[in-house]
1. Go over the candidates ALA23, ALA10, ALA39 one by one and state the one that is within 9 Å of the ligand (Cβ to nearest atom), among the hydrophobic types (A, V, I, L, M, F, W, C) and crowded, with 20+ Cβ neighbours inside 10 Å.
2. Determine whether THR74 is β-branched (Val, Ile, Thr), more than 9 Å from the ligand (Cβ to nearest atom) and in a strand (DSSP E or B).
3. Could you list, in sequence order, the residues of segment 26-36 that are open to solvent by 50 Å² or more (accessible area, probe 1.4 Å), within 21 Å of TYR203 (Cβ to Cβ) and either assigned to a loop (DSSP other than H, G, I, E, B) or within 14 Å of the ligand (Cβ to nearest atom) (or both)?
4. Mind listing whichever residues of segment 122-149 are open to solvent by less than 20 Å² (accessible area, probe 1.4 Å) and within 13 Å of the ligand (Cβ to nearest atom)?
5. Could we say that PHE188 is aromatic (Phe, Trp, Tyr), more than 19 Å from ASP28 (Cα to Cα) and at pLDDT 95 or above here?
6. Does SER8 fit the bill of being assigned to a helix (DSSP H, G or I), over 20 Å from THR87 (Cβ atoms) and out of contact with any Gly (no Cβ under 7 Å at 6 or more places or on another chain)?
7. Being at pLDDT 95 or above, outside any loop (DSSP other than H, G, I, E, B) and either near the ligand (Cβ under 10 Å from one of its atoms) or among the basic types (Lys, Arg) (or both) narrows it down to one of GLU53, GLU64, so name that one.
8. Checking ALA47 against (1) in contact with a helix residue (DSSP H, G or I) (Cβ under 9 Å, 6 or more places away or on another chain); (2) more than 10 Å from the ligand (Cβ to nearest atom); (3) more than 26 Å from LEU151 (Cβ to Cβ), only one condition comes out false. Which one?
Amino acid sequence: MISNDAASLATQYDTTDRLSTRASVWRDTPDGRSPRRAAFAAVVAAAPSDYLEIGCGTGEFVAEVSEALPQARTVATDRSETMALATARRGVLTQVALADDLPFADASFDVVYAGWMLYHVPDVDAALAEVRRVLRPGGTFVAATNGDRHLADLLTEAGGTRLLTGFSSENGEQQLAPHFGDIAREDFDTRAHFTDHAAAQAYLATFSPELADGLPPFEGEREYVGASTVFVARLPRA
Ligand SMILES: C[S@@+](CC[C@H](N)C(=O)[O-])C[C@H]1O[C@@H](n2cnc3c(N)ncnc32)[C@H](O)[C@@H]1O
């Protein structure tokens, strides 16, 4: 029901609305942590002179990085022209590019960030090889993604299935290992908060109308558990 082919990805990201609807429902873990804040902290702690974000979406994260690191050269890419344009409008240098074919010279960035996008990439290994190529020795790759349990209850209640993806909490480390020596991870049990049934349906509709229609009615607010991971992988110094 949720498809990852090129045509469905193009539709999914041909406006910024669906992504903004999805981002708006997330709440911190019960102990007050957030994968987005952890990814941001990892990027800022690495203090890059040259920062690249791939699959930048609406550009909110990269714009915050630019503000936090005003001395850094900040570049963003996305496969969607709409997303690239939305990001460029925030004043960030942005290019339309696929993650597995980055239009940059070898060793041109200190930090690369991929937030919730590698699970869309058909050839994750090729994308990771590209990230490694454009990173300098000692460079840092930060990747955020979801786990197999992510919103599993919501999806199954709506008649769908769990989302098993090509870059997840479960398989991410194994895929990073051939490219990066030193890999750390932090896992998060997040919460998707819906003010009512219509809000949950609106969220599901960003993936598929069938899922939205399939969600049995409920009264009042509801939370569903999400599962995310932030990986921080470093290249050895030369
Ligand atoms: C779930 S959104 C995440 C956006 C943003 N990183 C965030 O965390 O809000 C995934 C983004 O990856 C982009 N994308 C999907 N496949 C891609 C690919 N092969 N190369 C580059 N970008 C891609 C989509 O267009 C979309 O903007």
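1. Numbers: ALA23 fails: crowded, with 20+ Cβ neighbours inside 10 Å; ALA10 fails: crowded, with 20+ Cβ neighbours inside 10 Å.
Answer to the selection: ALA39.
2. Working: β-branched (Val, Ile, Thr): yes; more than 9 Å from the ligand (Cβ to nearest atom): yes; in a strand (DSSP E or B): yes.
Answer is yes for this residue.
3. From segment 26-36, those open to solvent by 50 Å² or more (accessible area, probe 1.4 Å) are 26-28, 30-31, 33, 36; that's our starting set.
Those left that are additionally within 21 Å of TYR203 (Cβ to Cβ): 26-28, 30, 36.
Selection gives TRP26, ASP28, PRO30, ARG36.
4. Within segment 122-149, VAL124, ALA127, LEU128, VAL131, VAL142, ALA143, ALA144, THR145 qualify.
5. Values: aromatic (Phe, Trp, Tyr): yes; more than 19 Å from ASP28 (Cα to Cα): no; at pLDDT 95 or above: yes.
No.
6. Values: assigned to a helix (DSSP H, G or I): yes; over 20 Å from THR87 (Cβ atoms): yes; out of contact with any Gly (no Cβ under 7 Å at 6 or more places or on another chain): yes.
Yes, satisfied.
7. Numbers: GLU64 fails: either near the ligand (Cβ under 10 Å from one of its atoms) or among the basic types (Lys, Arg) (or both).
When all the criteria are applied, what remains is GLU53.
8. Condition (1) is where ALA47 drops out.
The values are calculated or read from the model by the stated rules, or taken from the named source; none is laboratory data. On a predicted model such as this, the values are computed, not experimentally measured, just so you know. When we count neighbours, we look across all protein chains shown, and the Cβ atoms used for this are built from the backbone with ideal geometry, even at glycine. Remember, those area values only see protein heavy atoms, side chains included, never the ligands or the DNA or RNA. Shrake-Rupley method; radii C 1.70, N 1.55, O 1.52, S 1.80 Å.
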